[in-house]
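Asks: Sending over a structure as C-alpha cells; questions will come in a sec.
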Amino acid sequence: ANMLLMSAFASILFLGGWLPLINVFPFNWLPGSVWFSLKILIGVIFFIVTRATLPRYRYDQLMDLGWKSFLPLSLSYIIFTAGILISFNWLPN
C-alpha cells in the first residue's frame, strides 16, 4: 500500500499525473486514467527492483556506518566549506 501511495504521489508531483508523455496522436489517444495507472506501475516496479537489488543493513550496521563514516565526512565537509568561505572572504556581513 505504501509503494502504491508513494508511486501515485510521485506520478502526480513529478511525472505529470494523468497527462501523456508527449501530446501527439498515438499518446493522447489513451485516457488519463490509463496514463496514471502506467506511471504508478512504473513507480512500483522501480521500488520493487530497488528493494531487491540493494543490500539490507542491520540496525547495528547502520549505526556503525553513520557514526564511523557519515559523521566524520559531514564534519570535514563543514570545515572545508568554512575554510573556502574564509579564504576567499565570501562570508556574509
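The values are calculated or read from the model by the stated rules, or taken from the named source; none is laboratory data. Since the structure is predicted, the reported quantities are computational estimates derived from the model, not experimental observations. So basically every Cβ, Gly included, is an ideal-geometry build from the backbone, and we count neighbours across all protein chains shown. Protein only, heavy atoms only, side chains kept; ligands, DNA and RNA dropped before computing areas. Shrake-Rupley method; radii C 1.70, N 1.55, O 1.52, S 1.80 Å.
Asks: If you go through the stretch 3-38, how many residues are open to solvent by less than 80 Å² (accessible area, probe 1.4 Å) and of a type in the set (A, V, I, L, M, F, W, C)?
Replies: So the answer is 10.
Asks: Asp60: without any contact (Cβ under 8 Å) to a residue 60 or more places away in the chain, surrounded by 12 or more Cβ atoms within 10 Å (Cβ to Cβ), part of a helix (DSSP H, G or I) and of a type in the set (D, E, K, R), yes or no?
Replies: no
Asks: Restricting the search to the stretch 39-57, which residues are open to solvent by less than 100 Å² (accessible area, probe 1.4 Å) and part of a loop (DSSP other than H, G, I, E, B)?
Replies: The answer is Pro55, and nothing else.
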